[in-house]
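Chemist: Quick one: the structure is below, and I'll ask about it shortly.
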Amino acid sequence: MHVLLIEDDDLVASGLEAGLELHHCTVDRVRTSREARGALAQFGCDVVILDLGLPDGDGMDLLSSWRQQGVATPVLILTARDAVQDRVRGLKAGADDYVLKPFELDELAARLNALVRRAAGRAAPEVHHGELTVRPDAGQVLLRGEPVSLSRREFALLEKLINGRGALLTEDQLKDGLYGMDSGVESNALNVHIYHLRRKLYRDVVVTERGLGYRLGPPPEPLTGAGS
């Protein structure tokens, strides 16, 4: 899950970044409305965490402008403003969730996963792709009932493909989901993660459309018993 964190408080932001990375998230952090507009336009993301008290304006105005422009990315407001009218205003402005500071990290991560799940058109907390099971909330993958250990980047890649539901994703879209605004990524990094995903799961889990991009492949073939 690729998270855009809009937060000007360095202490809060550093804690969120560290905590969310433990929940298998790629986190890009910006401090102002201006930086947020540029980041979302250039890289996109799966979900936004928005603080309201930004140095260059009210986060509520940023959210309203995004919704007026047709930006549909899920937005979770994270703020100390606890008045009922603030919560109502935030939801009316287009927020998908509203969480008060201080907060529990596990609950915040669960709420983010729920927003991404709904945006992808899924209701259940786990995804079944034939005999492949993915549990985004827990960061777990099972193949034919057996757990498979994936790195954070490998899991993020699989989740991106699963949420794409078979759609073709470009190399840039996948890199954005795995690395965000990190510019120090080696040119073959994505291919390395795809190689490991195929080796750990099954060969056709990622289908390459040469010159176009990648998509989730067909479900794994069921194992046949001896003598069948």
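Chemist: Of all residues in the stretch 33-50, which are assigned to a loop (DSSP other than H, G, I, E, B), closer than 20 Å to residue 114 by Cβ and touching an Asp or Glu at 6+ places or on another chain (Cβ under 8 Å)?
Modeler: So in the stretch 33-50, the residues assigned to a loop (DSSP other than H, G, I, E, B) come out as 43-46.
Narrowing the set further to residues that are closer than 20 Å to residue 114 by Cβ leaves 44-46.
Scanning the stretch 33-50 gives 44, 45.
Yes or no, residue by residue, for (1) touching a residue at least 60 places away in the same chain (Cβ under 8 Å); (2) closer than 26 Å to residue 140 by Cβ:
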| residue | (1), (2) |
| --- | --- |
| 3 | yes, yes |
| 11 | no, no |
| 14 | no, no |
| 18 | no, yes |
| 22 | no, yes |
| 29 | no, no |
| 32 | no, no |
| 38 | no, no |
| 50 | no, no |
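Chemist: Of all strands (runs of 3 or more DSSP E) completely enclosed by the stretch 135-228, which ones contain at least 1 residues that are out of contact with any strand residue (DSSP E or B) (no Cβ under 9 Å at 6 or more places or on another chain) and surrounded by fewer than 16 Cβ atoms within 10 Å (Cβ to Cβ)? Before you say what the answer is, go through the steps one by one.
Modeler: Numbers: elements: 140-143, 206-209, 213-216.
No strands (runs of 3 or more DSSP E) qualify here.
Chemist: So, one more: Would you please name the residue that is nearest to the chain's Cα centre (by Cα), looking only at residues in the stretch 33-48 that are surrounded by fewer than 18 Cβ atoms within 10 Å (Cβ to Cβ) and within 18 Å of residue 95 (Cα to Cα)?
Modeler: Looking at the filtered set, the residue picked out is 44.
Chemist: Restricting to the stretch 160-204, name every residue that is touching a residue at least 40 places away in the same chain (Cβ under 8 Å), over 16 Å from the mean Cα position of the chain (by Cα) and closer than 23 Å to residue 222 by Cα.
Modeler: Once the filter is applied, which keeps residues that are touching a residue at least 40 places away in the same chain (Cβ under 8 Å), over 16 Å from the mean Cα position of the chain (by Cα) and closer than 23 Å to residue 222 by Cα, the stretch 160-204 yields 166, 196, 197, 200, 201, 202.
Chemist: Within the stretch 16-32, can one find any residue that is assigned to a helix (DSSP H, G or I), more than 16 Å from the chain's Cα centre (by Cα) and assigned by TED's automatic domain parsing to the domain that holds residue 75? Even if it seems obvious, please write down each step before you answer.
Modeler: Step one: of the stretch 16-32, the residues assigned to a helix (DSSP H, G or I) are 16-22.
Then keep just the ones that are more than 16 Å from the chain's Cα centre (by Cα); that gives none.
Within the stretch 16-32, not a single residue is assigned to a helix (DSSP H, G or I), more than 16 Å from the chain's Cα centre (by Cα) and assigned by TED's automatic domain parsing to the domain that holds residue 75.
Chemist: Can you name the residue in the stretch 211-228 that is over 19 Å from residue 133 (Cα atoms) and at pLDDT 90 or above and, of all such residues, is farthest from the chain's Cα centre (by Cα)?
Modeler: This residue is 212.
Chemist: So, one more: If we keep just the residues of the stretch 88-105 that are among the acidic types (Asp, Glu) and under 13 Å from residue 49 (Cβ atoms), which is surrounded by the most Cβ atoms within 10 Å (Cβ to Cβ)?
Modeler: Applying the first criterion (among the acidic types (Asp, Glu)) to the stretch 88-105 yields 96-97, 104.
From the residues that got through so far, the ones that are under 13 Å from residue 49 (Cβ atoms) too are 96-97.
Details: 96: 20, 97: 18.
Top of the filtered list is 96.
Chemist: At least 3 residues that are in contact (Cβ under 8 Å) with a residue 12 or more places away in the chain and in the same structural domain as residue 42 (by TED's automatic domain parsing) in each: list the strands (runs of 3 or more DSSP E) lying fully within the stretch 53-131 that qualify. Even if it seems obvious, please write down each step before you answer.
Modeler: Numbers: elements: 75-79, 97-100, 127-129.
Those strands (runs of 3 or more DSSP E) span 75-79, 97-100.
The values are calculated or read from the model by the stated rules, or taken from the named source; none is laboratory data. Here the structure is a predicted model, which is why all the values come from computation and not from measurement. No Cβ is skipped: glycine too gets one built from the backbone with ideal geometry, and neighbour counts run over all protein chains shown.
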